[in-house]
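Structure record follows, encoded as structure tokens.
Laboratory data are not the source of any read-out in this text; all were calculated from the coordinates shown. This is a predicted model, so every value here is computed, not measured. Don't worry about glycine lacking a Cβ; one is built from the backbone with ideal geometry, like all the others, and counts go over all protein chains shown.
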Amino acid sequence: MKQPFIIDAHVHTGYPGIFFSPEVDSRCLLERMDQFQVQYAVNLCSMRALTGSQDRELEKRQKEFEESGGRIFYLGFFNPQNGERDLAFMKKAVSQTGFRGIKIHPSLNKISADDDSYEPVWKFARDNDLPMVAHTWSVSSYNPVQVLSTPEKFERFVKKYPGVRFVLGHSGGRGTGRHEAVRMAKQYKNVYMDFGGDIYSYRYFENMARDVPENKVLFGSDYPWIDPRSHLARVYLAGITSSYKRRILRDNALEVYRLENK
Ligand SMILES: [Zn+2]
């Protein structure tokens, strides 16, 4: 295939603060997309939106989407501490052409994923037929807030809103988190996983292909703090079928984010 065909379903723009990243803007991202045959990327929020105000954020992302020639899609961010205020920003953005869903991050916002304060955003996703992506990880002794985002904490909403396509970002991280993510992707029709982040265990994709149906796993790099080539190389070299690879690198993201197949 000569045309760019990959979809990177987990990128960010903006200064990350806690991670070293010399490239932070959409212009750099676009250069990398051209370099690595990536047709579309899904921006799971700028760092500013994750950690501060969403004011004018979605207008800026739409501008980036247009400047990229319709290649950098984006999500809105819901912080349950802001509640209705964040939903109001997204209500305005629903008709914007690059807006494709909602991101939540219970660890960063310090409110457990099973808390009632997330109910309005699940309803909003259902009513507007939008996918949701959550930061998910495993219990971590050196990063204790991760306990707020373990995959099974989302399960009550996954069951209650079976029509919402729900992506476990980072596939639950390591150990028990990953185990739970695999269980949920198998058990629930509406649960997907992306493998953005720094999980580099040996035979990761071979195990994934053995355990998880082929329509459930999405390629995500977590650019700009992870080099997309590391994950791309692992997919290319994995001992899995080419149809599973194609599903990971493109088809599953097209379905989850309803992107045009062109
Ligand atoms: Zn991320």
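Annotation: amide H-H contacts under 5 Å for Gly76 (H modelled 1.01 Å from N, sequence separation of 5 or more, or interchain): Arg100, Gly101, Ile102, Lys103.
Could you work out the helix-only [θ] at 222 nm for the chain, with each DSSP H run of four or more residues adding -39,500 (n - 2.57) and the total divided by the number of residues, to the nearest 500 deg cm²/dmol? Per the formula, -10000 deg cm²/dmol. Among the trypsin sites (Lys or Arg not before Pro) in segment 108-137, those placed in a DSSP loop whose Cβ has at most 15 other Cβ atoms within 10 Å are Lys110.
Within segment 111-179, the chymotrypsin sites (Phe, Trp or Tyr not before Pro) that combine a DSSP coil assignment with at most 14 other C-beta atoms in a 10 angstrom radius are Tyr142.
Please identify the chymotrypsin sites (Phe, Trp or Tyr not before Pro) of segment 1-88 that satisfy two criteria: DSSP loop assignment and at most 16 other Cβ atoms within 10 Å. Which are they?
Phe5, Phe19, Phe20, Phe36
Mind putting a number on the dipole of segment 159-230 about its Cα centre? Charges go on the C-beta only, +1 for Lys and Arg and -1 for Asp and Glu, and I need it in Debye to the nearest 20.
420
Sort out for me the Cα centre separation of segment 45-120 from segment 189-236, rounded to whole Å. Between the Cα centres of segment 45-120 and segment 189-236 lies a distance of 23 Å.
Given R0 = 22 Å, the distance between the Cβ atoms of Glu260 and Gln62 translates into a calculated FRET efficiency of 0.85. Magnitude of the charge dipole for segment 6-257, about its Cα centre and with charges confined to Cβ atoms of Lys, Arg (+1) and Asp, Glu (-1), is about 520 debye. Placing unit charges on the Cβ atoms of the charged side chains and taking the dipole of the chain about its Cα centre, the candidate lying farthest along the positive direction among Val38, Phe5, Pro120 is Phe5.
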